[in-house]
Amino acid sequence: MYFVHVVIMGCGRVGAGLARELEASGHSVSIIDQNREAFRRLGADFKGMTVSGVGFDRDILLEAGIDRADAFAAVSNGDNSNILAARVARETYGVQNVVARIYDPARAEIYQRLGIPTVATVLWTTDQIMRRLAPEGSRSEWRDASGVVQLCEVHLHHDWFGQPVSLIETSTRARVAFITRLGEGMIPNENSVLQEGDLIHVMVSNSELANVEMSLAKSPEEA
C-alpha cells in the first residue's frame, strides 16, 4: 500500500471517524478544528497531529502539513467553510485528492463544477469519502457468486483525464461498467471522454485486479 499524508478539517463524528480509519490504514493524518475539546473524539491512541484553528486559514493549513498533503477532506458543519477550505487546498496548494462534505444536496452540482468532489450529508458514509481520498487501488462494490469477477471503483492517475474511456479497456483487462459524474451514474459510449472528478467503476477478474490497479495508477503512456 502507498501511504500518504491526509489533512482533515472538522473533528466532529465524521472527521474523527475518518481520521481513525485513515490512521488505521497506515496513513499519516492531521486534523483541524476550532474547538480543542473536539479532539477528544479521536481517543487516547490517536497518533496524528491535531491543530486548533480555522481550517481555511493558510497558516493553520501549513501547520497541518497541507504543503506535503496528498489528500484533504473538509467535513466541518459549515458548507461555505468546507468549500472554501477545499478550494484553497486544491487551488493554492495543489492537493489532488480533495473532498468536501455539504449539508445542502441541491448545491452539490455547483460545487462539482468548481472542481471539488462533494458528498451530501444525507448520502454520506466514511467509505464514500475514503474512496475519494484513496491515492491508488480500488474499492470492491460487488462480487459474483463464484468470487471470480468483481465490480470495483478504481482510482486513476490524473493523466487519464481528457482521454477516451475506451483507452482503459485497450490498456487493461478491465471493462468500464459505468461512471459517476457530478453525482450521477452514466454508461459511457465510444465517444465518452474521462473528466476530472469522474469516479470510474470497472468489471475485472480477481486474477487481473492487481495489474489493473497498477496500470491505472500510472499515466496512460506508462501503462
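All of the numbers you see were taken from the coordinates with simple rules; none came from a lab. Predicted, not measured: the structure shown is a model, and the values here were computed from it. Ideal geometry is used to build each Cβ from the backbone, glycine not excepted, and the neighbour counts take in all protein chains shown.
Panel order for Thr180, Thr92, Thr118, by other beta carbons found within 10 Å of each beta carbon, from fewest to most: Thr92, Thr180, Thr118.
On full extension of the chain, what length is gained from Asp59 through Asp159, given 0.36 nm per residue of separation minus the C-alpha to C-alpha distance?
Contour length minus the Cα-Cα distance gives 32.9 nm.
Eigenvalues of the alpha-carbon gyration tensor of region 17-84, scaled by 5 and square-rooted, set the equivalent ellipsoid semi-axes at 18, 14, 12 angstrom, largest first. Length gained on full extension, Ala44 to Asn189, computed as 0.36 nm times the residue gap minus the Cα-Cα distance: 47.1 nm. Any idea what diffusion coefficient region 138-216 gets from Stokes-Einstein, in µm²/s, Kirkwood Rh on alpha carbon pairs, 37 °C, 0.692 mPa s? The diffusion coefficient I find is 260 µm²/s. Suppose the Debye formula is applied to equal point scatterers at every Cα of the chain; what is log10 I(q)/I(0) at q = 0.09, 0.10, 0.11, 0.12 Å⁻¹? Result of the Debye calculation: -0.37, -0.45, -0.55, -0.65.
Relative to the longest principal axis of the chain, what angle (0 to 90°, nearest 10) does the C-alpha long axis of helix 13-24 take? Long axis of 13-24 versus the principal axis of the chain: about 60 degrees. Per-residue Karplus couplings for region 149-155, computed as 6.51 cos²θ - 1.76 cosθ + 1.60 with θ equal to phi - 60°, are listed in order as 10, 9, 9, 10, 8, 10, 8 Hz, Gly and Pro entered as x. For region 5-104, chymotrypsin sites (Phe, Trp or Tyr not before Pro) are listed when DSSP marks them as loop and at most 14 other Cβ atoms sit within 10 Å of their Cβ; the list is Tyr103.
On the beta carbon distance between Asp104 and Glu196, with R0 = 22 Å, the FRET formula returns roughly 0.45. At full extension, Leu182 and Glu222 could sit 11.6 nm farther apart than now, given 0.36 nm per residue minus the alpha carbon distance.
A straight line joining the Cα centroids of region 152-223 and region 33-94 runs 30 Å.
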